[in-house]
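Worksheet: one structure, shown below.
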Amino acid sequence: MQPIITTKNVKLSYGSFEALHDINLDFEKNKITALIGPSGCGKSTYLRCLNRMNDLIDGVTITGSFKLNDLDMYDEKTDVVELRRKVGMVFQQPIPFPLSIRENVAYGLKLNGHVAKEFIDQRVEESLRQAALWDEVKDRLNDSALSLSGGQQQRISIARVLAVRPEVILMDEPTSALDPISSAQIEDTLLALKKDYTIIIVTHNMQQATRLSDKTAFFNLGNLIEFDTTEKLFMNPSKKETDDYVNGKFG
């Protein structure tokens with residue numbers, strides 16, 4: 001199967017410090033891929049390369065090849081705003097805007113020039129349904145999103161990304177700030193979304209990686225140590241370093 005994202009020889013430096021060392025990693029369409037590894041291993045740094053979030057950091061140098069289908073993601077002609085529409089991101093902490101629930105979900109649509117109320121209302125409902133939140137908020141769309149629980153706020157963040165119909169969804173530890181019930185709701189949502197979207201998730205929770213992901217990449221010290229099906233990587237890893245990590249000997 002042709003990968004939806006292909007990255008080759010990726011290196012990233014903060015000034016003179018090289019944080020990512022020659023990463024080669026591809027992502028299949030309609031799969032969930034987990035990026036795991038100890039704190040500071042480079043997994044979140046790599047994730048942010050995939051929609052050019054690291055462009056916002058001074059002193060960063062990125063080399064290598066990044067392709068979204070046939071699009072060169074780092075070509076100087078590439079529209080970064082359009083790239084981030086195609087490759088959306090959900091962060092560790094829920095980030096609701098101080099707006100109504102409806103306006104939170106519609107925010108990206110309006111940013112992309114959509115103004116028709118009927119279209120926006122339809123897309124808001126569709127996105128909230130996809131994020132498994134519609135039944136909880138359908139009667140209070142004009143309430144502030146800040147009034148929602150943490151788990152609901154994170155699902156609002158997911159709905160906001162879904163509203164602009166991305167091809168890929170990046171998630172940087174999206175459940176680490178949530179209680180177990182909210183985390184389980186988010187996991188169920190991601191499994192349902194997989195049929196329509198490609199999902200790449202950074203997680204410290206190895207049980208979460210085994211529950212959710214089709215493939216897993218193990219990072220350590222800025223290196224990609226191993227990449228395989230999740231079952232193979234956890235049950236029969238090829239590298240001793242991977243075996244030590246998944247069995248809790250370090251990290």
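Where a number appears in this text, it was derived from the coordinates with a stated rule and is not lab data. Just so it is clear, the structure is predicted and the values come from calculations on it, not from any experiment. Glycine also receives a Cβ, built like all others from the backbone with ideal geometry; neighbour counts cover every protein chain displayed.
Only loop residues by DSSP count here, and only those with at most 14 other Cβ atoms within 10 Å; note down the GluC sites (Glu not before Pro) in the range 1-102 that meet that.
Values: sites: E18, E28, E76, E82; in loops: E28, E76.
Those satisfying the criteria are E76.
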P(r) tail fraction, the chain - alpha-carbon pairs more than 26 Å apart, %: 40
Could you work out the relative contact order of the range 150-251? I mean the mean sequence separation of Cα pairs under 8 Å and 6+ apart, divided by the number of residues, in percent. 19
For M89, the residues 5 or more places away or on another chain with a placed amide H closer than 5 Å to its own amide H are L170
Note the angle between two axes, namely the Cα long axis of helix 180-193 and the longest principal axis of the Cα atoms of the chain, as a number of degrees from 0 to 90, rounded to the nearest 10. 90
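How large is the dipole of the range 90-139 about the Cα centre if only Lys and Arg carry +1 and Asp and Glu carry -1, each at its Cβ, rounded to the nearest 20 debye? Display every interim value, and only then the final one.
On the way: 6 positive and 8 negative charges, 40 e Å.
Result for the range 90-139 is approximately 200 debye, rounded to the nearest 20.
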Between the alpha carbon centres of the range 79-149 and the range 151-180 the gap in Å comes to 11
Whole-Hz ³J(HN,Hα) for each residue in the range 89-100, computed from phi via Karplus 6.51 cos²θ - 1.76 cosθ + 1.60 with θ = phi - 60°, x for glycine and proline: what do you get? 9, 10, 9, 4, 8, x, 10, x, 7, x, 9, 5
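Rounded to the nearest 5, what % of DSSP beta bridges with both residues in the chain are antiparallel?
60
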Using a Cα-Cα cut-off of under 20 Å, which lysines could be cross-linked to K249, ignoring same-chain neighbours fewer than 8 residues away? K43, K232, K239, K240
Whose amide H sits under 5 Å from the amide H of I5, counting only residues 5 or more places off or on another chain, with H placed in the peptide plane? F27, N69
Most mobile of S16, S127, S65 in a GNM of the chain (Cα contacts under 10 Å): S16
Using only Cα atoms, tell me the angle between helix 101-111 and the longest principal axis of the chain; keep it within 0 to 90° and round to the nearest 10. 70
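May I ask you to compute the full-extension gain from D139 to H21, defined as 0.36 nm times their residue separation minus their alpha-carbon distance, rounded to one decimal in nm?
Working: separation 118, 0.36 × 118 = 42.48 nm, distance 4.99 nm.
The span from D139 to H21 would gain 37.5 nm if fully extended.
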Could you give each residue of the range 134-141 its phi-based ³J(HN,Hα) in whole Hz, using Karplus coefficients 6.51, -1.76, 1.60 with θ = phi - 60°, and x for Gly or Pro? 3, 5, 7, 10, 4, 9, 9, 5
Largest fluctuation, A177, A34, A217 only, Gaussian network model of the chain with Cα springs under 10 angstrom, belongs to A177
Under 22 Å Cα to Cα from K117, which lysines show up? Leave out anything in the same chain fewer than 8 places away. K138
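Can you tell me how the range 37-77 classifies by the Cα gyration tensor, rounded, prolate or oblate, using a/c under 1.5 as the rounded cut?
On the way: a/c = 2.60, a/b = 1.53, b/c = 1.70.
In terms of gyration-tensor shape, oblate.
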